[in-house]
1. For chain A, find the longest principal axis of its Cα atoms and tell me its angle to the long axis of helix A:59-87, 0 to 90°, nearest 10.
2. If you take the beta carbon distance between B:THR479 and A:GLN183 as r and set R0 to 60 Å, what does 1/(1 + (r/R0)^6) give as a FRET efficiency, to the nearest 0.05?
3. Along the charge dipole of chain A, which of A:PHE365, A:GLY101, A:LEU47 sits closest to the positive end, that is, farthest toward it, with unit charges on the beta carbon of Lys, Arg, Asp and Glu (+1, +1, -1, -1)?
4. Can you give me the distance in nm between label points at A:ILE485 and A:THR48, each placed 7 Å from the Cα along the Cα-to-Cβ direction?
5. Compute log10 of I(q)/I(0) for chain A with the Debye formula, placing one identical point scatterer on every Cα and leaving out solvent, at q = 0.08, 0.09, 0.11 Å⁻¹, to two decimals.
6. Dipole magnitude of the stretch B:1-137 about its Cα centre, charges +1 at Lys/Arg Cβ and -1 at Asp/Glu Cβ only, in debye to the nearest 20?
7. Could you give each residue of the stretch B:265-280 its phi-based ³J(HN,Hα) in whole Hz, using Karplus coefficients 6.51, -1.76, 1.60 with θ = phi - 60°, and x for Gly or Pro?
8. Using packing as a proxy for protection, rank A:141-151, B:221-231 so that the peptide with the highest average count of other Cβ atoms within 10 Å comes first.
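The values are calculated or read from the model by the stated rules, or taken from the named source; none is laboratory data. Not measured: the values here are computed from a predicted model. Counting neighbours? That spans all protein chains shown, and the Cβs are built from the backbone with ideal geometry, glycine included. For accessibility, only protein heavy atoms count, side chains too; no ligands or nucleic acids. Shrake-Rupley method; radii C 1.70, N 1.55, O 1.52, S 1.80 Å.
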Amino acid sequence: MIIQVPPTVPVVPEQLDPSAVPLAVPEIVWSAVAPALVLMIGGILLLTVVSLVRKPLPSWFHATWTVATATAAICATVPLWQRVQDNGASSEMAGTVGLDGFSLFVTGVICVSVILAALLLEGYLRREDLVGPEWYVLMLLSASGGVVMASANDLIVLFLGLEILSVAVYVLAAMHSRRTSSQEAGLKYFVLGAFSSAFLLYGIALTYGATGSTNLAGIQTFLADNVLVDNGLLLAGLAFMLVGFGFKVAAVPFHMWAPDVYQGAPTPVSAYMAAGVKAAGFAGLLRVFVTTFGPTYREEWMPMVAALAVLSLVVGSVMAIIQTNVKRMLAYSSISHAGFILLGVAAASDAGTSAALFYLLVYTFMVAGSFGVVTLIGRKGDGRHSLEDYRGLSRARPGLALVFTVFLLAQSGIPLTGGFLAKFYVIGAIVDEGLYALAAVAMLTAVISAFLYLRVIVAMYFAGPAGAEEGSEEPAEFAGPPVRIPAAAGLALGLALVGTLALGIVPGPATEVTRDATAELTVGN
Amino acid sequence: MADVLWLIPALPLAGFVLLMAFGRRLGDPLAGVVGTLTVAGSFVVSLFALFDLNSLPTDERVVQQTLFTWIPAGGFSVDIGFLSDPLTITMCLFITGIAALIHLYSIGYMAGDENYSKFFVYLNLFVASMLLLVLGDNLLLTFLGWEGVGACSYLLISFWFTDEANASAGKKAFVTNRIGDFGFMVGTFLVWMTLGSINYLEINERVHGGIAAGTATAIVLLFFLAATGKSAQLPLFVWLPDAMAGPTPVSALIHAATMVTSGIFLLTRLNPLLEEAGWANDVIAWVGLATALVAALAAVAQNDIKKVLAYSTISQLGYMFLAVGSGAFVAGVFHMITHAFFKALLFLGSGAVIAAMAHEQDMRRYGNLRKYLPITTVTFVVGWLAISGVPPFAGFWSKDEVLAAAWDNGPAGPVMWAIGVVIALLTAFYMTRLVAMTFFGGKERWREPEELPTDPAEAAAAEHEAYEDAPDAHGHHLTPEHTPREPNWTMTVPLVVLGVFATVIGLINLPFGEKVDYLADWLDPTLAHAHEALSAGILAVLAAVAIVVAVVGIAVAWRVYAQHKGSPEKIELPAFEHALYIDDTYAAVVGGPGEAAFDGVATFDSEVVDGAVNGVGRLTQLTGRAVSVFQSGFVRAYALAVAGGAVVLLVFVVMRMSSS
């Protein structure tokens, strides 16, 4: 089956020595996993503190703690980033954890999404009478899983990270105890997530069978040194792993959970799922496919990823247009965004990867901001999400309507917002690879989806009252109780707005970082 | 001076921000004054830029001001920068000049409107975007302005959004323009890929020998597609007549003088590319000509005063494309400038008439208004003579140059010229019809009881029309006792100023030798294309024919509509009234780009609205119908989809397997 033997599995030297202890413990480099540790310990400490304190702590305490923890995690990446820039990428702990610009960048993106979601969650929990630290604990733990996933240099560690990430999010989706749709969302997400995780795990097993290693560096070296006569096992492994990743990033046809779950889950959690979870999923996808299999098996996986990208773009934008529930609409639009990022993956080039990273950063701000507005408009009960509920918002809350307009325009890719450049870089990357048909599809769907964002804007600004007679002079009245904007949520929206616009007007610093992050995307020592 | 170039778009932008923040507090008329002053300031800065540029030697009249690098991406970088050259400054001058006058006019026209300050917010944003469009030193900035003016156009068309027809017209403009935008985007990408830059100066530098003829043709056709959307040419012109639903100052500024000319500006800006583009130029010329003809025929049979002017605008834009396609960029720009003045004048004049006539727009109820509106009448007559091509008014000179350029355009030239002359005849005819029906004719028709159409189909059509015209009516009604009155000074001053310009603006480019060819000299560094001048003899003959044609058109129409000899029905064919059924054909048969897409959207919107009214059941049903098969809500179905996807991927890899 294999021409050259034996596979160059990276083995810890002690194991070769028969006189050594049977179980070798690799050197633990704590600093390499510092961001993940900060998040994890922050979450556990929060749980401990609230268990020990007799009086319930005020709700702002949990949110502040979470924001501080995520900020600390971002700070922890800075010296590491410096180290990577000076000394180059490395992998630690027997080659299982990769320390490079890529993992640090994605860590930053995940932490930003945690900060935004935590700020949104604060007012949300008070409004819904759901005060509890568990939300924040779960979010921090899941973020630590995402960070592990982003820096995993070994398929097993990657799977571990994915499960840490997912299990916490399953629970978060179901946390709104009084809304059955929330519980339904959690259960659905759990069952389907488990189903797709099985695919991923099976894919990992098949890959191990074909290459004799779960270490990404090991796999890459093995494939570079050996030619597989019969590569069926490996290709099946690739296909199954793509199913698992495709599910996590909600790519068509593995997307069907997304609209139901985003709609059912508490809205700040939807924001976190759409931003943070997706970033982690793409990190895994990029590292496994582009870096590990990029040099050798690009011809095989690229068409599959491209097909998922095209399907996601088309289905996402077309289905989004016919939605009448804004949360669902955003879910479908996030599917079409996933299609764009997948295009960056399909380019399988440095430019493609840095474009995907830039997209993830911009997308985090845009989508967290959009779901942030939706959180507020949902009002008590988190149920007012139909397009009708946005009618006349420009009169009732002009500022909020304006901010939402900016987020929607950014998502549709209007110049001077980050959304435009994100799409632009991705399309540029695939054009560089000569994939013109994909670029054409991307531009066409961008045009289609512009329409759906405009529908929401029209509802906010122009639409007359529901069911009014034609030609009626009566202006649209905003229905339902007044919209309150808690300070924390206002801060989150402000941050997201600044991020969205700044990345569109002065993208220079961010693109430099993504370029450096890409350059350091290497596996192995 | 060049370093204050950014002030030109920044001033209206500042006005926009100011009005956005404090507009409601400023109220009526202070918000309008602020809007007018910022645009006037921008005009002053443009004047300084003009003097500044003029002081430079002829071949150094290109000033670039880069504010900062916007997109740094390896070999591809885009600056936020402005380009000042004769073409740009010419555009800036007439945009800011006319915009300032129209702002002033709007102070009076919009007085008492509920959303007074909002109107100026949009109008200022429009001016800022339009200036960005012409001043940007690269395609991406122009695109930004292009989208900006588009957005403002939709917003202003739908300004009286409580009315269904207005909101729909805005959507129609949006959909057709998106088709054009697609051309712009793909064209920009092609330019970037083949020339490695999207900066105008670099494009124009690298184009010679740097691009294959086929690629240049493709790029130019894509940009022309964009232009047909924005500048309302065949096949995408259908939105402009409907856009008349917006307030009249908007029609004057956006849908006559400025935004709709951006397609011509874009092609002129890229003129070195057009030179390489081979047969794409013929496409541009013929499409322009065909549009001009169809629109002129349609204008003959319209009864809504603004619709006549709308079709007339489309027709005149067709002339400009004819000039551009014939390589006569100076003639195109010249006609763009004169047209901006006389068409803005005509629209504002029609606005004054509409305001004086209790917002009635049907010309069949006008007549003999010269008795009541002396200033409006005089200025309108100037505009009428200008557009009809009567010397010495501005339109004659520029139209004459366009027609001469067509004559000179290869073997098909004389045919193009002949069609162009027919269009000139039609133009003189329909404009005379408009003027005669409105200001002359001796009968004050609104005083007569309304005749009820006898034919039921006609009655239905009349009713439909009445409904379409409703937006501007605002609950006013034209009664037989109504006495029209001249509007106040904010509205008449712009009319007089524009009237003066419509008379004399032709002086900037008279065809009497090199010395008086100011515009051609001025634009020369921008337009590298040297056009062989026709001999004076031919020019004189062509001009004489044009004058004769104009006089004939005016005389015939005068006889029919002012002296009431001969019957109008023989001329106003139903086919003309419906613009040769092009719009209707899109809707009914082709399911084509404009109407069908728009209709689909409109239907869907009403479905949604209805759905909400009829309760959740209807909504569920609607959603259910669309997604019934797969998105059922059942976990098993979703799992099946995941498994199905996995199977498809597996089948794919099995086919790619390198099995032994």
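1. Tilt relative to chain A: about 40 degrees.
2. So, using R0 = 60 Å, E works out to roughly 0.35.
3. A:LEU47
4. Result: 3.9 nm between the two label points.
5. Reported log10 I(q)/I(0), two decimals: -0.48, -0.61, -0.90.
6. Roughly 440 debye for the stretch B:1-137.
7. 4, 4, 5, 5, 4, 9, 4, x, 5, 5, 4, 8, 8, x, 6, 4
8. A:141-151, B:221-231
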